[in-house]
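Where a number appears in this text, it was derived from the coordinates with a stated rule and is not lab data. Model, not experiment: these values are computed from the prediction. Please note: Cβ atoms are built from the backbone with ideal geometry, for glycine as well, and neighbour counts cover all protein chains shown.
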Amino acid sequence: MVLIAVKCPNCESTKVGKYGFSKNGQQRYKCKNSECTTSIFQLEYKYNACKPGVEADILRRVVNGGGIRDTARSMKISKYKVSDTLKKQHP
């Protein structure tokens with residue numbers, strides 16, 4: 001039996017408990033640190049658009065002159081995710 005030490009990606013706390021499974025079967029975890037802003041997270045994501053830091057990467061690419069389709073193709077995510085991210089940043 002192997003135990004994996006799970007840390008919260010936001011606060012690096014080890015006060016983490018299991019929190020069920022996502023729709024695609026990945027284990028979810030919940031940070032039990034009261035000061036942490038991230039409550040539920042996964043260690044592995046099946047879809048690239050759900051990984052942490054993707055929205056910042058989308059904005060960086062678009063600001064540097066990349067189009068929506070080009071950004072989506074190079075990151076292997078949906079063009080709708082890129083479009084929704086841009087809409088959230090510029091209401």
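Things to note:
- The peptide list 16-28, 43-55, put in order of mean Cβ contacts within 10 Å with the highest first, becomes 43-55, 16-28.
- Annotation: cysteines of the chain without a disulfide-compatible partner (Cβ-Cβ under 4.7 angstrom) are CYS50.
- For the chain, the number of Lys pairs separated by eight or more positions or lying on different chains, with C-alpha atoms closer than 17 Å, is 19.
- Phi to ³J(HN,Hα) by Karplus 6.51 cos²θ - 1.76 cosθ + 1.60 over the range 59-75, Hz, x for Gly, Pro: 5, 4, 5, 6, 5, 7, x, x, x, 5, 5, 5, 5, 5, 5, 6, 8
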